[in-house]
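Below you'll find the structure, written out as structure tokens, and then a few comments.
The values are calculated or read from the model by the stated rules, or taken from the named source; none is laboratory data. These figures come from a predicted structure and were not determined experimentally. For neighbour counting, all protein chains shown are included, and Cβ atoms are generated from backbone atoms with ideal geometry for every residue, glycine included. These accessible areas exclude ligands, DNA and RNA; they are computed on the full protein's heavy atoms, side chains included. Shrake-Rupley method; radii C 1.70, N 1.55, O 1.52, S 1.80 Å.
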Amino acid sequence: MAFLKEFLILVIVFAIIKPFDCERLHEQIYSSIEGGAACFKRLNGTHQAGCSSSDKGAVGVVQMIYDVTDAQWLVYNATVGPCIAVINTALFHDVIELLMAKPANVAGIIVYHNATTRPTTFSQESKCPNEYSSGPGSQCLSSPTSSNVWNEGGTGLIRRDIPYPIFYIPQTRLEEIEKIENCYKRYNLDRFNQEGKPLCSLQLNSFMFAAVNSAVCLRRSATSALLTPTKVCDPLGDQNVHYSLFPLEKGEEVKKKPITLVTARIDTASLFDGMAPGAASSVVGMASLIMSAVTLSKMIPVANSSLYDNNVLWTLFNGEAFDYIGSQRVAYDLSRGAWPPFSPLTPSDINLHVELGQIGGSLQIYKENASWPLYAYAASSFSQITEFLVVMSENANAFNITLTPEFTTNLPPSSLHSFRRILKNETESGDLPEVLLIDHQGKFTNTYYESVLDDDTNIGFIYHNISVGPEGKFTPTDELLANGIMKETDIQVKMSRLATALARTLYQRVTGKAYTGDIAASAHLADEMLYCLLRSQACRLLMAADYASGSEETPSARPPPLYVGVAAWPSTPAVFAGHLLALLAGAHLPLDRTACDARLEPGFSHYWLRGWNHSGVCVQTTMNFTQAMSPAFIIPALGIDFDTAFRPKKS
């Protein structure tokens, strides 16, 4: 994708204009619409997807769509078009196919959200997300007649080429819709007598140029680089994050400790730029993984590394919304002994892969119930899997979390598909056993999967805003419950219980015995993480985890968009996730910045972060970043045909 320019202007077109002062005349005729997010364009291997308009923008007569008949009138009967359709999210899915099928009289669309009419489903992702990157045994088909789908309400709009711009106006900017609606009612309400009269119109501009498909765009980008420094497009990509309980050993002569790989995803997607909240799709799983890692690091200090023969490696994948970019890259690098770069592993070094998949969709369903049913999907019943499930079930049941095994090769959309496809021999033979923890069986419980409505409301998040103690001390969950600050039904408590159960299970895998201490994940930490990731980046947790610098610049008071972005630079969510792991699970050293930057210790990285008092702190950690970019962009350089090597053959 490339250059994007976006704005909205409300225009009242008058047949006769009296001579006024130019500035006052402009103010009377034009009114800017603030806070809109544009649908943007992307390319894949076969076509372009997303929205576009000319560099002059799209101008159309305002048409409020209150029901399906309004949309039918617009495409079949409007005589002063083209029109800009203004549609509530509750009606969008009912009319979009009609507006796509008959685009001649449609100049563009504005979609707005009013929480009082929240739709039962809203997902522009396909019914089978990442269908063509699925591993062997997947049975999900996105065809209209198929009943075997995971994302039942998916429309697939995010994968289609849309011939006009679409903008989204959130609930917080409903006054802009009122402005448009008042203009519409004043000038456009009489549909049958519009010709020759002043009408209310909208100008939408989301100019973006693209080039057929990924291959063509990259070829043109390479050609233009010889003439000008302007790039035509960039590959989607970002950074993965990994953190190990103990430092990873280096060298061929060193006997490496068997690894339990625990993974989750960072990113999500939506149709609109900068609006990808991903509460149920990714945030709950990512936050639970981070809390579990922090909890286990306190149960087993890194100084005790020599006492145990097993290790745990947590990894957060980025770019999973688009053909599992992050996990695909890790699986490919594992296949050639190149991940992690500073201490490469092979598939045989990993004796179990546990993925925390989509686990947030059912939180609202069970909001009045202390229980939380989860499911463990596995393609086979190898001993490593069954042993893990027995221990995990025992630990989870202690917190009213049930874990039901599902043994099937028809796995839900998850990062496991990358490993099953690229490392097929290892996963099918049992050399790399895998299990997926999710909250749905048969179809998603999250009806807003990868959309602007997969927000904090979707998971029922209520921020408790509890003070964080000195040096980042978080109130224990049991104390919060005893004081009545939180209840067993709160999602923060459920997430802390899951993180504790997983940490205890991993403790037993590392040490060979059950955990008998009182260390547990804090619902207070879950409260802060959800606030930072779903409400505001300008929060104390992320401020403490930010790079320390001379300025006290405050991050934006809005949630970080979890869209993967482009591979040219890292996104905010990946950096935040890595720094949170470092800050909360790493060792804080009494060093100044110069000494911290110069510190070299095998197996560790050192980061100078702001810290809790914002004066700077040196953190020693095993956390690091690796590239999350599709192997398709590096394999041609190695002389390998990616499609032939790894793509599943379609019948």
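For the stretch 330-350: of the residues being in contact with a strand residue (DSSP E or B) (Cβ under 7 Å, 6 or more places away or on another chain) and not in a helix (DSSP H, G or I), which is most open to solvent (accessible area, probe 1.4 Å)? Here the answer is P341. All of (1) within 25 Å of V452 (Cβ to Cβ); (2) among the hydroxyl-bearing types (S, T, Y); (3) part of a loop (DSSP other than H, G, I, E, B) hold for T145 with one exception: (1).
Tallying residues that are part of a helix (DSSP H, G or I) and under 19 Å from L271 (Cβ atoms) within the stretch 166-187 yields 5. Just so you know, in the stretch 544-594 the residues that are aliphatic (A, V, I, L, M) and more than 30 Å from M299 (Cβ to Cβ) include one that is modelled with the highest pLDDT, and it is V564.
Got a sec? Which of V216, V212 is assigned to a loop (DSSP other than H, G, I, E, B), at pLDDT below 85 and either farther than 27 Å from D323 by Cβ or hydrophobic (A, V, I, L, M, F, W, C) (or both)? Write out each step before concluding.
On the way: V216 fails: assigned to a loop (DSSP other than H, G, I, E, B).
It is V212.
Cβ-Cβ distances below 6 Å connect the following pairs, each with a first residue in the stretch 282-310 that is within 12 Å of L580 (Cα to Cα), a second residue that is surrounded by fewer than 24 Cβ atoms within 10 Å (Cβ to Cβ) and of a type outside the set (F, W, Y), and a separation of six or more residues or different chains: A293/A585; V294/L584; V294/A585. Pairing each residue of the stretch 118-131 that is without any contact (Cβ under 8 Å) to a residue 40 or more places away in the chain with any residue that is aliphatic (A, V, I, L, M), provided the two are 6+ apart or on different chains, yields C-beta distances under 8 Å for S126/I158; K127/V149; E131/L141.
Checked against (1) touching a residue at least 24 places away in the same chain (Cβ under 8 Å); (2) over 21 Å from T626 (Cβ atoms), G565 passes all but condition (2). Within this structure, S362 fails the test of being part of a loop (DSSP other than H, G, I, E, B) and under 16 Å from P433 (Cα atoms). Restricting attention to the stretch 572-604, report how many residues are under 26 Å from the mean Cα position of the chain (by Cα) and surrounded by fewer than 19 Cβ atoms within 10 Å (Cβ to Cβ). Of the residues in that region, 1 qualify.
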